[in-house]
Structures are given as C-alpha cells and as structure tokens.
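**Student:** Take a look at the following structure, please.
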Amino acid sequence: MANEFTVILFLGAVLVLLIALGVQGLPAPLPMLRLLLGLAYVLYVPGYTLQAALFPRADDLDGPERLALSFGLSVAVIPPLALLLDALPWGIRLWPIVIAEATLISLCSVVALLRRRRLPEKERFVPALDVHLGDWWAAQTAASRLLYVILALALLGAGVAATAIIVTPKPGERLTEFYILGPEGLAENYPREAMVGFPVTVTVGIANHEGVPADYWVGAYCGTHLVGQIEPVHLEPEQVNERVLGFIPTQIGDNVRIDFYLYRDGGTEPYRSLRLWLKVKGGESK
C-alpha cells in the first residue's frame, strides 16, 4: 500500500541522482530542484521519519506538533551524525553525509512502517492531505499563532540564506589548484637531493575551479633560468590535469630554490607559484 515513505524514497533517489550528476551543465531548473530537495532532506525528512517511528499512533501528536517536531529532530540529529562521520576514515564530506542521512531516513522509515502495522488500522497515523488551513488557523490560540509565525519566518530565512549561499558565486570559490606530488602520487617524499646537470622529475597538478575554461602553462625556474616546463594545457571548469615535469638544476648548493610558476590564459605574470628546495651536488662522474 502506498504511503508517504514511498514518496520519500522516490524523491530521495532523485536527489542522489542530481548530486551524482553535479550542477555543471545541468538545465537551469535542475540545480534549483537539487537545492530544494537537499534542504528538505536535511531540515525536514530525517526528523519526520524519526517522529513517525517514535509516534506511530494517530492520537500521539496532532499535525502542527508533528510538523514542528520534524524540523526540530532534523536539526537535532545533525551534530551526532557530524561527530560520527568525523570519527570515521571518510570524514565530513559530501558522499559520507549523503549516505549517513539516507541510512538514517531508511532505518526510521522501516521502523515506522513496522510499528504502524502492529496497530489496528483505525489507530495508525496517516498524513492528512485535505487539511483546511483556515479552520486550523482559527482554532489556534494567539500564543500558538505567534509561535507558528516565528517558525515560518525562521524557515523562510534559512531557505533564502541557503539559496543565496549556493547560487551566488563567491570570490573565494573561483580559484585554480596548483600542487606538486611526490613519486607515490602523494604530497610528500619530494626530491631533496640532486646533481647539477641531471634531470629531476615531479608530478604537477592543475585543477580548474574558475567556473570558466582556461589555458595554463607551467615553467620551472632555477634562479632566473628556465630549467623545465610543460606544454600548455586547456582545462574546462572542474577539470583536473596531472603530468610529469622534468627540470635540470643549474646551481650547486645546500639550499637551491626551484620555483614553479603557473601562468593562465597567456598572462606574463605568474598566476600561482610553488617552491621546492634542493641540495644540489656537483656532477662529477665516479
């Protein structure tokens, strides 16, 4: 028999699909749909399924109480989930959060369904779709009306703020990642010693988060001398490129500085820079 949990499952699957697709390149309505579903599945649905599991009888709570409790419980479960994810190896990231929320919603939905089925059909809570808001509002006391108005304004403000944060681009979000990796593909175990005149290799990574396509070029310098470079690369938004860069130190010393300059869109001034210190010995043959 169809119930509200069927709708929750279906819309949850739509949300997961939209998250997997990302927002780049999607038709205009879909990012907004993802935003609205995301807000609902963070601020309302977890608490709704939890209160449905705790209070399966129709006379346990009235409609407004269930509504307020759904929002309150949804907010209340966020800190424990965050602490749990922070203690796990995956950390507080997008997909661990999605999986944790989906697991909570699914478990509470199953418990709610099982508890309802144990009750006589007349005692089960069933969401009412034919709510007469005018009659309900007229039956409320002045204090209850004030509380509901405050709750509605708070939810509206939260929704507007979340929309502005997600939709409005911020300068800090428009950037290019520029990094160097060691031989194991990690940000460690970089070359520390070299011989003058002999090549040294590192892996250079570029990630375009500028929101627009960009052309990049990387040069390695020992002092003022260009000692290595990679060919220009064109990256679409959110595209990442990693490639090996070889360079040949031209100076001898215990602290020879190698500068890696990233140039963007034909600019003459470095857009990003990195630095590597080497102990460079003479290239005498044994």
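We did not get these values from a lab; they are worked out from the coordinates using the rules stated. Here the structure is a predicted model, which means the values were calculated and not measured. Every residue, glycine among them, receives a Cβ derived from its backbone with ideal geometry; neighbour counts consider all protein chains shown.
**Student:** Using θ = phi - 60° and the Karplus curve 6.51 cos²θ - 1.76 cosθ + 1.60, what whole-Hz ³J(HN,Hα) does each residue of the range 175-182 get, with Gly and Pro shown as x?
**Tutor:** Karplus values, whole Hz, x for Gly and Pro: 8, 10, 7, 9, 8, 10, 10, x.
**Student:** Further question on the same structure: Mind telling me which of Leu83, Leu104, Leu73 comes out most flexible in a GNM of the chain, alpha-carbon contacts under 10 Å?
**Tutor:** Leu83
**Student:** Give the calculated FRET efficiency between Tyr190 and Leu9 to the nearest 0.05, with a Förster radius of 41 Å applied to their Cβ-Cβ distance.
**Tutor:** In this case the efficiency is close to 0.25.
**Student:** Moving to a separate point now. What ranking of Tyr221, Tyr148 emerges when the number of other C-beta atoms within 10 Å of each C-beta is taken as an exposure proxy, fewest first?
**Tutor:** Listed from fewest to most nearby Cβ atoms, that is Tyr148, Tyr221.
**Student:** Please turn the phi angles of the range 226-238 into ³J(HN,Hα) values with the Karplus equation 6.51 cos²θ - 1.76 cosθ + 1.60 (θ = phi - 60°), one per residue in order, whole Hz, x for glycine and proline.
**Tutor:** 6, 10, x, 7, 10, 5, x, 10, 9, 10, 6, x, 6
**Student:** Using a Förster distance of 45 angstrom, determine the FRET efficiency expected from the C-beta separation of Val126 and Asp86, and round it to 0.05. Present the calculation step by step, with values, prior to reporting the outcome.
**Tutor:** Values: r = 38 Å, r/R0 = 0.85.
Computed FRET efficiency for Val126 and Asp86 comes out at 0.70.
**Student:** Among (1) 1.19; (2) 1.01; (3) 0.98, which one is Rg/Rh (Cα atoms, Kirkwood Rh) computed from these coordinates?
**Tutor:** (1)
**Student:** Quote to one decimal, in nm, the extra length available between Ala207 and Leu147 on full extension: 0.36 nm per residue of separation minus the C-alpha distance between them.
**Tutor:** Answer, rounded to one decimal: 16.8 nm.
**Student:** Next up: By how many nm would the segment from Leu17 to Lys279 grow when fully extended, if each residue of separation counts as 0.36 nm and the alpha-carbon distance is taken off? Before the final figure, lay out the partial values.
**Tutor:** Working: separation 262, 0.36 × 262 = 94.32 nm, distance 5.09 nm.
Difference between extended and current length: 89.2 nm.
**Student:** Another question, if that's okay. Could you tell me the relative contact order of the range 172-281? Use alpha-carbon pairs under 8 Å, at least six residues apart, and round to a whole percent.
**Tutor:** Contact order relative to length: 29 percent.
**Student:** In degrees, nearest 10, range 0 to 90: what is the angle between the Cα axis of helix 142-167 and the longest Cα principal axis of the chain?
**Tutor:** 20 degrees
**Student:** Most mobile of Phe125, Phe198, Phe55 per a Gaussian network model of the chain (Cα springs, under 10 Å)?
**Tutor:** Fluctuation is largest for Phe198.
**Student:** Continuing with the same structure: Efficiency by 1/(1 + (r/R0)^6): what FRET value for His225 and Arg174, r their Cβ-Cβ distance, R0 = 22 Å, to the nearest 0.05? Mind dumping the intermediate values first?
**Tutor:** Working: r = 33 Å, r/R0 = 1.48.
The value I calculate is 0.10.
**Student:** To the nearest 10 degrees, how steeply does helix 45-54 sit against the main Cα axis of the chain, on a 0 to 90 scale?
**Tutor:** Once rounded, one gets 40 degrees.
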